[in-house]
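Engineer: Submitted below is the structure of interest, expressed as structure tokens.
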């Protein structure tokens, strides 16, 4: 008898499901008998833990990372489809400030239980998601819709001119294809050969000369410069229609068509020698080029407007910072008590759909309450750490990371990441994203720490105060920071300077000299 093969992975220990198992479980364990491996049956007891992703937990986590506008749309849709949900009427009770204390966090929180905070919100009713707000003065203000863009889009504007051009049906089809191929800046990014393939390969496609002719006609449309294939052609199309007597026109055409690289490098002295022109003539041509629009399509491009509504409000009152939810973005919902009472346990089975809606309504109300409480707690923690930044500016920003807030509030770091995503805080210094308050930590000689945001602000301040004719190099900025007790490498200074789109010292000196 030969040796017995080892047991398969299905019979080995540690390869079962992740769910919790209690009670005896049979397993086969290998043992040696006269030099051969045999299987021996035995019983073992094992217990494991697993977090189940219930629908309620999935909904609560989804609400945490929604922005104010996304939450507004979701609540509006829920009110339309769920008969048991309704908006909470304005309460006549005296509002309570967040600093007056609050109960411990909810026991059904999907994350770990957080220690009670002195500034936590009061817990709402089971069937109500209303949170008492200090700044609520009655009446729920609707979030205004973003204003629509007036006028037609770039495509509609060009198609109208194409229809008025009285072209043949074939040329009109070519022109429509070219217009549809333009990007938002008004540039034609695809080659004419690639666009010809859109008409098919059956021999009826347009010739390259036809494509060029229709493109040249399109380039005469408004706005001037539309249909260009690169920046040089775009500027050239805007310069040609100008009157020949326009100051600097001919020199500007020469610069655009042959010296764009030198122009971008500000090599003015070299251009004057190469083109045999005076500095005044060169300046006139450059001023004319700078008056052109390198992105002609943006004047009519229908782009969406970024609309930001702050989720939290921070204000200075009586020498202390007060943090509150924005009453315009905090949804206030509750379950209709009359319908909920009618759907008692004895009648709920007879109305399965209404019973399901009642359960969904209570889940949503509870998830909204948890979202509002968690959002306010995180905002209060951020303001406590960054109070000096709100009062003094970016140079007073303290280092803060997600794990610090998570450890202080007793929540998981992933929960804090969901909370700060797409959330904004309105303060006297403006409306800032929650992410703006988090920055890495750099050590100092005295054992303290400086945030990356504060160091960027200090670098920007040093450059603003420098002599324009003798600007500070990255090495000199590094030595200045080290003299102030901030240990930072030169490459870090260069990285921070580039992130603020500040040119290096030699370019700043050349611009100042010019």
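Please treat every number below as a calculation from the coordinates, not as lab data. These numbers come from a predicted model, not from an experiment. We place every Cβ from the backbone using ideal geometry, glycine too, and count neighbours over all the protein chains shown.
Engineer: Ranked highest first by average number of other Cβ atoms within 10 Å, how do 259-270, 289-300 line up?
Structural biologist: Sorting 259-270, 289-300 by mean packing, highest first, produces 289-300, 259-270.
Engineer: Would you work out if the stretch 440-513 is rounded, prolate or oblate? Take a ≥ b ≥ c from the square roots of the eigenvalues of the alpha-carbon gyration tensor; rounded if a/c is under 1.5, else prolate when a/b is larger than b/c, oblate otherwise.
Structural biologist: prolate
Engineer: Separate question: Please work out the Cα center distance from the stretch 179-243 to the stretch 156-173, rounded to the nearest Å.
Structural biologist: Here the two parts' Cα centres lie 14 Å apart.
Engineer: Another question, then. Taking only C-alpha pairs under 8 Å that are 6+ residues apart, what is the relative contact order of the stretch 195-269 in percent?
Structural biologist: Values: 42 pairs, mean separation 11.7, N = 75.
Relative contact order here is 16 percent.
Engineer: Which order results if 211, 500 are arranged by neighbouring Cβ count within 10 Å, fewest first?
Structural biologist: Working: 211 21, 500 11.
Ascending Cβ contact count within 10 Å gives the list 500, 211.
Engineer: As an exercise, use a Förster radius of 35 Å and the Cβ-Cβ distance of residue 46 and residue 359 to find the FRET efficiency, rounded to the nearest 0.05. Don't skip to the answer; put the middle values down first.
Structural biologist: Numbers: r = 34 Å, r/R0 = 0.98.
After rounding to 0.05, the efficiency reads 0.55.
Engineer: So for 499, 439, fewest C-beta neighbours within 10 Å to most, what's the order?
Structural biologist: Details: 499 11, 439 22.
With the sparsest Cβ surroundings first, the list reads 499, 439.
Engineer: Mind giving me the nanometre distance, one decimal, between the label points for residue 387 and residue 183, set 7 Å out from Cα along Cα→Cβ?
Structural biologist: Roughly 4.9 nm, to one decimal.
Engineer: For a Förster distance of 22 Å, can you work out the FRET efficiency between the beta-carbons of residue 337 and residue 73, rounded to the nearest 0.05?
Structural biologist: Numbers: r = 26 Å, r/R0 = 1.19.
Efficiency computed from Cβ-Cβ geometry: 0.25.
Engineer: Using per-residue counts of other Cβ atoms within 10 Å, averaged over each peptide, order 174-181, 390-397 from highest down.
Structural biologist: Details: 174-181: 19.2, 390-397: 16.8.
Descending mean neighbour count gives 174-181, 390-397.
Engineer: To make sure I understand, if each residue's beta carbon is the centre and we count other beta carbons within 10 Å, what order do 419, 383 fall in, fewest to most?
Structural biologist: Working: 419 26, 383 20.
Fewest-to-most Cβ neighbours within 10 Å comes out as 383, 419.
Engineer: Relative contact order for the stretch 154-299: what is it in percent, counting Cα pairs under 8 Å that are at least 6 residues apart?
Structural biologist: On the way: 142 pairs, mean separation 35.0, N = 146.
For the stretch 154-299, the relative contact order is 24 percent.
Engineer: Further question on the same structure: How many angstrom separate the Cα center of the stretch 277-342 from the Cα center of the stretch 458-506?
Structural biologist: 31
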